[in-house]
Amino acid sequence: MGRVDDKVVIITGGARGMGAEHARALVAEGAKVLIGDVLDDEGRALAAEIGPSARYLNLDVTSEDDWTTAVETAIREFGTITALVNNAGIVNGAPIQKFRVDKWRQIIDVNLTGTFLGIRAVTEPLIAAGGGSIINVSSVEGLRGSPWAHGYVASKWAVRGLAKSAALELAPHNVRVNSIHPGLIRTPMTEGLPAGMVKVPMGRQAEPSEVATFIVFLVSDESSYATGAEFVMDGGLSTDVPHN
Ligand code: NAD
């Protein structure tokens, strides 16, 4: 018996990094996954690696049409949808006076509007399935601020808030919506960052598998009473009051 045997999960931005690890971990526990991304080569290779419980689809989270196709594909291939991991995200930054509005719009579009469109697209199938789980991937930067990262911080606070408004509205339908808040995780997104850029109390970066374990828990019925909640895995980063 796997922990998520009967679950069908759409994972956005799942071709690499944390999303890819979530796909592997969910299938290892019995789920079926539809991996959506804009990186088609990586996405197809990952689905082939995982096997018949995985499919890959080109899904730009900012496109309403792509979301319609993703929902249709998941239902056609696996019969239902029971969970969504809103994982796709980008990062950018500049000092506030130099932060261009096109860059601001781009990050809000992918990180926030993409998450909203995903929630909206899966709501009806999740209700039809008798319930389900939506996970918004926020960040420690959805709990704290960070200079230069204005669009990222704003978008990650926003998806945290959106998880709560959606959780309240969907609770009567047994659809749970939570946010997760990873700290510094070793993925392509953080590849170029200097080691020791942030002072992590546990003294190290985390591996994607240390986040995937929360995803499996939140998709599974083990988390059946958790909704509108925040799950933090950051090695103590957001707990610290920095001292000189
Ligand atoms: P990553 O860059 O390896 O993966 C992000 C994925 O999102 C990529 O595969 C990318 O192609 C995809 N993507 C980008 N724009 C997209 C779009 N419009 N439509 C569909 N897919 C799109 O980064 P990661 O570190 O694995 O990040 C995963 C999530 O975790 C992101 O939301 C990120 O903000 C968040 N996060 C990362 C860290 C970290 O330290 N790595 C910490 C906290 C939160």
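The values are calculated or read from the model by the stated rules, or taken from the named source; none is laboratory data. As the structure is a prediction and not an experimental result, all values here were calculated from the model. Heads up, the Cβs are rebuilt from the backbone with ideal geometry, glycines too, and the neighbour counts pull from every protein chain shown.
Odds and ends about this structure:
- When residues in region 151-200 are screened for being of a type in the set (V, I, T), more than 16 Å from the chain's Cα centre (by Cα) and under 21 Å from F217 (Cβ atoms), 1 of them pass.
- Some residue of region 156-171 being of a type in the set (D, E, K, R), in contact with a strand residue (DSSP E or B) (Cβ under 7 Å, 6 or more places away or on another chain) and at pLDDT 95 or above: yes
- Note on region 17-48: among residues that are away from the ligand (no atom under 16 Å from the Cβ) and part of a loop (DSSP other than H, G, I, E, B), the one that is nearest to the chain's Cα centre (by Cα) is A31.
- Conditions (1) assigned to a loop (DSSP other than H, G, I, E, B); (2) within 13 Å of the ligand (Cβ to nearest atom); (3) surrounded by fewer than 23 Cβ atoms within 10 Å (Cβ to Cβ): number failed by A94: (2)
- Taken over region 154-172, the criterion of being buried (at least 16 other Cβ atoms within 10 Å of the Cβ) and out of contact with any Leu (no Cβ under 7 Å at 6 or more places or on another chain) is satisfied by A154, K156, W157, R160, L162, A163, K164, A166, A167, L170.
- Lone qualifier among T69, T123 - being touching a helix residue (DSSP H, G or I) at 6+ places or on another chain (Cβ under 8 Å) and more than 10 Å from the ligand (Cβ to nearest atom): T123
- Which numbered condition D102 fails, given (1) near the ligand (Cβ under 10 Å from one of its atoms); (2) among the charged types (D, E, K, R); (3) more than 15 Å from the chain's Cα centre (by Cα): (1)
- Within region 63-88, the set of residues being of a type in the set (V, I, T) and either surrounded by 15 or more Cβ atoms within 10 Å (Cβ to Cβ) or touching a residue at least 60 places away in the same chain (Cβ under 8 Å) (or both) comprises T69, V71, T73, I75, T80, I81, T82, V85.
- Flag if G14 is within 16 Å of the ligand (Cβ to nearest atom), part of a helix (DSSP H, G or I), touching a residue at least 40 places away in the same chain (Cβ under 8 Å) and closer than 12 Å to V85 by Cα: no
- Checking each residue in region 126-152 for being within 13 Å of V175 (Cβ to Cβ), in a helix (DSSP H, G or I) and in contact with a strand residue (DSSP E or B) (Cβ under 8 Å, 6 or more places away or on another chain) picks out L126, I127.
- Flag if V177 is under 15 Å from R120 (Cα atoms), in contact (Cβ under 8 Å) with a residue 24 or more places away in the chain, within 11 Å of the ligand (Cβ to nearest atom) and surrounded by 15 or more Cβ atoms within 10 Å (Cβ to Cβ): no
- Being part of a helix (DSSP H, G or I) and either under 29 Å from D102 (Cβ atoms) or within 11 Å of the ligand (Cβ to nearest atom) (or both) is a property that holds for W157.
- Failed condition for Y56, given (1) of a type outside the set (K, R); (2) touching a Lys or Arg at 6+ places or on another chain (Cβ under 6 Å); (3) in a helix (DSSP H, G or I); (4) crowded, with 23+ Cβ neighbours inside 10 Å: (3)
- Taken over region 203-237, the criterion of being surrounded by 17 or more Cβ atoms within 10 Å (Cβ to Cβ), of a type in the set (S, T, N, Q) and not in a loop (DSSP other than H, G, I, E, B) is satisfied by S223 alone.
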